[in-house]
1. If a residue has to be surrounded by 17 or more Cβ atoms within 10 Å (Cβ to Cβ) and within 22 Å of residue 79 (Cα to Cα) to count, how many in the stretch 11-36 make the cut?
2. Looking only at residues in the stretch 60-73 that are in contact with a helix residue (DSSP H, G or I) (Cβ under 7 Å, 6 or more places away or on another chain) and more than 21 Å from residue 24 (Cα to Cα), which one is surrounded by the most Cβ atoms within 10 Å (Cβ to Cβ)?
3. Suppose the filter is out of contact with any strand residue (DSSP E or B) (no Cβ under 6 Å at 6 or more places or on another chain), exposed (fewer than 13 other Cβ atoms within 10 Å of the Cβ), part of a loop (DSSP other than H, G, I, E, B) and modelled with pLDDT under 95; does residue 4 pass it?
4. Restricting to the stretch 58-88, what's the tally of residues that are within 12 Å of the chain's Cα centre (by Cα) and in a helix (DSSP H, G or I)?
């Protein structure tokens, strides 16, 4: 992960939030990996606030989005990260 990029986009406070919630952040990253997403680094760096959510909230948000999008959710989300921005 490019934490300098995250700091440039969201500020130092976001880095502190990541550290304060690192277990939840790890669980959330692993959930996307389990779902089959490939570009986790880009998603994390661009949509960092989403990963600060507790794991239950994160899963609920992702699952609702997947249900709305359908079976091709990986391709659709990876090509339009704005969909993830909308659920922050």
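1. Looking only at that region, the number is 3.
2. Looking at the filtered set, the residue picked out is 73.
3. no
4. To start, the set of residues in the stretch 58-88 that are within 12 Å of the chain's Cα centre (by Cα) comprises 58-59, 61-62, 77-78, 81-88.
Still in the running and in a helix (DSSP H, G or I): 58-59, 61-62, 77-78, 82-85.
So the answer is 10.
The values are calculated or read from the model by the stated rules, or taken from the named source; none is laboratory data. Note that the coordinates shown come from a computational prediction; the quantities given were computed from them, not determined experimentally. In this analysis, Cβ positions are derived from the backbone assuming ideal geometry, glycine residues included, and neighbour counts consider all displayed protein chains.
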